[in-house]
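Enquirer: The structure is given below, and queries will be raised subsequently.
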Amino acid sequence: QVQLVESGGGLVQPGGSLRLSCAASGIALSRVAVGWYRQGPRNQRELVAAIPSSGRPYYVNSVKGRFTISKDNARNTFYLQMDSLKPEDTAVYYCEAEQNGATRFWGQGTQVTVSS
């Protein structure tokens, strides 16, 4: 059974940083594409950053230069480092792993709130 367990969300002031983690079990992250999505209270879920199974990381324009996605295959965990956070980054963040371009697995979601 595949499980993705997120951690690292919370409340942070504008300009601050957070690091989200997504620990996987039942699936080898070295062989799949991984990504972080977010969903605000009035928004659709959007892709924030991703590491494809091959190729370079992807970032949505609004987070380029501020967020960094990375993966530690030895720990079977991937991360989203978020710097220079803005109030508009406030959302529930979800990690996702995609196997063979078809089957998708999701974490439970973690709340990130950027507010003074």
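The values are calculated or read from the model by the stated rules, or taken from the named source; none is laboratory data. The model shown is predicted, which means the values in this text are computed figures rather than measured ones. Cβ atoms come from the backbone with ideal geometry, glycine included; neighbour counts cover every protein chain shown. Note: areas computed on protein heavy atoms with side chains; ligands, DNA, RNA excluded. Shrake-Rupley method; radii C 1.70, N 1.55, O 1.52, S 1.80 Å.
Enquirer: Are any residues in the range 102-116 in contact with a Cys (Cβ under 8 Å, 6 or more places away or on another chain) and not in a strand (DSSP E or B), and if so, which ones?
Expert: Listed by number, the list holds a single entry, 107.
Enquirer: Cβ contacts < 6 Å: first residue closer than 15 Å to residue 96 by Cβ and free of Cβ contacts under 8 Å to residues at least 40 places away in the same chain, restricted to the range 6-31; second residue loosely packed, with under 11 Cβ neighbours inside 10 Å and of a type outside the set (Phe, Trp, Tyr), any location; separation 6+ or different chain. Result?
Expert: 26/1
Enquirer: Tell me which residues, restricted to the range 39-53, are assigned to a loop (DSSP other than H, G, I, E, B) and either under 11 Å from residue 96 (Cβ atoms) or open to solvent by 20 Å² or more (accessible area, probe 1.4 Å) (or both).
Expert: Of everything in the range 39-53, those that are assigned to a loop (DSSP other than H, G, I, E, B) and either under 11 Å from residue 96 (Cβ atoms) or open to solvent by 20 Å² or more (accessible area, probe 1.4 Å) (or both) turn out to be 41, 42, 43, 44, 45, 52, 53.
Enquirer: Can I ask one more? Right, residue 59: modelled with pLDDT of 95 or more, crowded, with 19+ Cβ neighbours inside 10 Å and either of a type in the set (Phe, Trp, Tyr) or more than 14 Å from the chain's Cα centre (by Cα) (or both) or not?
Expert: Answer is no for this residue.
One line per residue, one yes/no per condition, for (1) open to solvent by less than 20 Å² (accessible area, probe 1.4 Å); (2) under 20 Å from residue 81 (Cβ atoms); (3) in contact with a Phe, Trp or Tyr (Cβ under 8 Å, 6 or more places away or on another chain):
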| site | (1), (2), (3) |
| --- | --- |
| 1 | no, no, no |
| 5 | no, yes, no |
| 9 | no, yes, yes |
| 15 | no, yes, no |
| 19 | no, yes, yes |
| 23 | no, yes, no |
| 28 | no, no, no |
| 33 | no, yes, no |
| 37 | no, yes, yes |
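Enquirer: Oh, and also: Which residue is nearest to residue 27 (Cα to Cα), if the candidates are limited to the range 75-101 and must be part of a loop (DSSP other than H, G, I, E, B) and modelled with pLDDT of 95 or more?
Expert: Looking at the filtered set, the residue picked out is 76.
Enquirer: I'm trying to understand the selection: among the residues of the range 68-90, which are touching a residue at least 24 places away in the same chain (Cβ under 8 Å), closer than 18 Å to residue 34 by Cβ and surrounded by 15 or more Cβ atoms within 10 Å (Cβ to Cβ)?
Expert: 69, 71, 76, 77, 78, 79, 80, 81, 82
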